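Below is one structure, written out as structure tokens; comments come after it.
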Amino acid sequence: MKQPVLTTHHGILYDADCLEIVGHMKSEVVDTVFADPPFNLGKDYKNGYNDTVARTDYLAWCRKWILECCRILKPGGAFFLYATPELAVQFAPIMGERLNFRHWIALTMKGTYPRGHKLYPAHYALLYYTKGPPRVFNRLRLPIETCRHCGKEIRDYGGHRNKMNSKGVNLTDFWADTSPNRHKKFKVRPGVNELKMVIPERAILISTKPGDVVFDPFGGGGSTYQAAEKLHRNWIGAELYDSIHIRERMKENHSLFPAQEPRFEFEGLFAHEDKQDAVLRRIERQGVSARTVTHLS
Ligand SMILES: C[S@@+](CC[C@H](N)C(=O)[O-])C[C@H]1O[C@@H](n2cnc3c(N)ncnc32)[C@H](O)[C@@H]1O
């Protein structure tokens, strides 16, 4: 297996196909999976990734990594999957084969446009499933909304404002504050496809405790990894095409530098190669057909 391209106090990042990385992981070792896959919409990721493959191939590939992510989840672990509603309805039954449905969280999406004879799309889905009853469920609260011009509170909460919890309002399954900044002047890394960090941050806060392990198979700009690092959760990541943005981001935000030793025992999450596999691989490298040596122990 490849060496990590970046290690931090809490995380390890591989410049690799997520299926390869997850394939080396033991079953039931991860507390939360957060995945924001490419949607196969012909998007230019500016890193060489081909986001237009045949629909059936794309869905077959998604099935593979979704089931692998389910396998590595601990009992009670959580799986958050960010997708367009059209894809979410295809992903949900796959997740449902192994996990229990908790929520379809709707996240407002501004700046989209209608295609064909369809309604104007205004939300994305964040599917939230757990492996059996949730191991951790932290109820989050949002600060009471205020006007950004005058600072006054916007709503009167039906006259019950004085009875409300001073820590704010309960987070619901409708997130209206997570739309990305589209305007170039607000982009931290222009051209990089990334979510607002608050999305993975909330998923992590809802479903984990400090020291738990988060896996995100699709690194992109690294928002999940930054959120995990900030919240003192351990993380494992993969980005197949170009992890430069993630590495820069981690350096900028945490004064981290590559090769910093992780403070958690990540080796324990990976299965050790068995003897036979190692022998076969060595022999194959030497140009001998693997079939002639299958009896090796
Ligand atoms: C939508 S972006 C993820 C953005 C990320 N959630 C963020 O907020 O920064 C999806 C990423 O997955 C990467 N990718 C595509 N196929 C992959 C694979 N098989 N293994 C790992 N990464 C892959 C793409 O290069 C792209 O950067």
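Were the residues from Asp44 through Arg98 laid out at 0.36 nm apart, the gain over their Cα-Cα distance would be 16.2 nm. Separation of region 89-116 from region 142-161 is 30 Å, based on Cα centroids.
Which FRET efficiency, nearest 0.05, do Glu86 and Asp57 yield, Cβ-Cβ r, R0 22 Å? Numbers along the way, then the final one.
Numbers: r = 17 Å, r/R0 = 0.77.
About 0.85, to the nearest 0.05.
In a simple Cβ point-charge model (Lys, Arg +1; Asp, Glu -1; nothing else charged), region 1-125 has a dipole of about 280 debye relative to its Cα centre. Amide hydrogen proximity for Gln260: with H placed 1.01 Å from N in the peptide plane, the residues at 5 or more positions away or on another chain lying under 5 Å are Thr7.
Each of His232 and Glu265 was given a label point 7 Å from its Cα along the Cα-to-Cβ line. The distance between the two points is 2.0 nm. Above 21 angstrom, tally the Cα pairs of region 45-185 and express them as a % of all pairs, no decimals. Roughly 61 percent, once rounded to a whole number. Couplings for region 89-101, taken from phi via the Karplus curve 6.51 cos²θ - 1.76 cosθ + 1.60 with θ = phi - 60°, read 5, 7, 6, 4, x, 5, 4, x, 5, 10, 10, 10, 5 Hz in order; Gly and Pro are left as x. Among the chymotrypsin sites (Phe, Trp or Tyr not before Pro) found in region 108-152, those both in a DSSP coil and sparsely packed, with 16 or fewer other Cβ atoms within 10 Å of their Cβ, are Phe137.
Note the full-extension length gain between Glu145 and Leu67 as 0.36 nm times their separation in residues minus their Cα-Cα distance, in nm to one decimal.
Fully extending the segment from Glu145 to Leu67 adds 24.2 nm.
Charge tally around Cys70: other residues with Cβ under 12 Å, Lys/Arg +1 each, Asp/Glu -1 each, net +3. Placing a label point 7 Å from the Cα of Leu171 along the Cα-to-Cβ direction, the residues of region 64-102 with a backbone N closer than 17 Å are 77-83, 102.
No value in this document is a laboratory result; all are computed from the given coordinates. Note that the structure is predicted; figures quoted are calculated from it, not measured. Counting neighbours? That spans all protein chains shown, and the Cβs are built from the backbone with ideal geometry, glycine included.
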